[in-house]
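Some notes on the structure that comes next.
The values are calculated or read from the model by the stated rules, or taken from the named source; none is laboratory data. The structure presented is a predicted model; accordingly, all values stated were derived computationally and were not measured. Here the Cβ positions follow ideal geometry from the backbone for every residue, glycine too, while neighbour counts run over all protein chains shown.
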Amino acid sequence: MPQLPSGKHIAIQANRIDEMYDEAFNGTQAHKLMQIEDIEDLYPYVDVIYFEGDSDYVNAEDGAPGSIAMPDGLRPVNSGFTLATILQDIANWCEEDRKYFSDHLRSERVVGLLNSILGDVKQKQVMLLEEGPELGRLLAMYWRAGVHPLQEEQESPPNKWETSFVDDKRVQVFALAAMMRMFLNSKIFKEFTAQHQKYFDMLEGFISVAIGRNQDVLEPWLWKTKLASDEVAEEMWQAKVLDDLPQHYRGHLAGQMPYSINMFWPAMDNAEARELFPVEYEILSAAWLSPYVTKMTSGL
């Protein structure tokens, strides 16, 4: 756990790798495991951890093999960033801290750790291809052969929302607009909805409560169906719609939205959703990856 020249302590943590293994061997998310080829591909799964002083805090957990023991008096705090997104925060650091962190990532210790994780990933890929569940093996073989539906993403342009989703309120507004549109879509695309029924049930509960408590403010935006959902979101943003909500509900929405996005995202994380709902897919994908959501939902 290095200490930056400014005095700030940081660490990296790869717990998301284990979550990725579980998803891959459950069958539906095999592509996440199979697409990893080098160290940089691990970055979205490695969290950056910050620490805050707390004299009463005693670290009772044993570190991972080869890791440095965490000292007492420093409480770990999820930064909301991974190695893939940390540049958004590094831009605010002093030059000395940026250089130190960059050197740290290239250090023998960190490179060795990441290479060890990469080696484990390669073994898991072979296990999935040879011993995984039937659906997982099939999707893994599709990926290895270059014919997996999601491999089209490699030629797709970058998600245009990711760079603007560093503002928590902007994530709330755009995700709310996209989720309201998916609420309406669920009444039209009934076959797709049935395939992901439990996620749409949760979505319906969230949207029904949001509109029910703020009918005058939110319902007119729900029915702006002649506009694409990103256009509705942009109008909501310009109108500062969050400011029109009662103060107590603004706080409730800010706390609830990350969990609602996280719970609904599995319904969107597939090639069919991307084809049927491209705008909503891109908005919710960027929202799900945003620091606002990852910081609050990490570890769920």
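If the condition is being in a helix (DSSP H, G or I), surrounded by 15 or more Cβ atoms within 10 Å (Cβ to Cβ) and more than 21 Å from the chain's Cα centre (by Cα), then region 236-275 contributes Met236, Trp237, Val241, Leu242, Tyr249, Arg250. Figure legend. Inter-residue proximity from region 180-202: first residues in contact (Cβ under 8 Å) with a residue 40 or more places away in the chain and under 18 Å from Leu222 (Cβ atoms), second residues assigned to a helix (DSSP H, G or I) and among the acidic types (Asp, Glu), beta-carbon distance below 8 Å, spacing 6+ or different chains. Indicated pairs: Arg181/Glu280; Met182/Glu280; Asn185/Glu280. Restricting attention to region 121-151, the residues that are within 26 Å of the chain's Cα centre (by Cα) and of a type in the set (D, E, K, R) total 4. Kindly evaluate Asn78 against the criterion of being assigned by TED's automatic domain parsing to the domain that holds Gln29, touching a residue at least 12 places away in the same chain (Cβ under 8 Å) and surrounded by 15 or more Cβ atoms within 10 Å (Cβ to Cβ). Yes.
Find the residue count for region 283-300, including only residues that are buried (at least 20 other Cβ atoms within 10 Å of the Cβ) and either more than 11 Å from the chain's Cα centre (by Cα) or of a type in the set (D, E, K, R) (or both). Of the residues in region 283-300, 1 are buried (at least 20 other Cβ atoms within 10 Å of the Cβ) and either more than 11 Å from the chain's Cα centre (by Cα) or of a type in the set (D, E, K, R) (or both). Residues that are of a type in the set (Val, Ile, Thr) and either at pLDDT 90 or above or farther than 11 Å from Val293 by Cα (or both) within region 166-191 comprise Val171, Val173, Ile188, listed in sequence order.
Only one of the numbered conditions (1) surrounded by fewer than 18 Cβ atoms within 10 Å (Cβ to Cβ); (2) assigned to a helix (DSSP H, G or I) is not met by Lys224, and that is (2).
Checked against (1) in contact with a Pro (Cβ under 8 Å, 6 or more places away or on another chain); (2) loosely packed, with under 12 Cβ neighbours inside 10 Å; (3) modelled with pLDDT under 85; (4) not polar (S, T, N, Q), Glu96 meets all criteria but (3).
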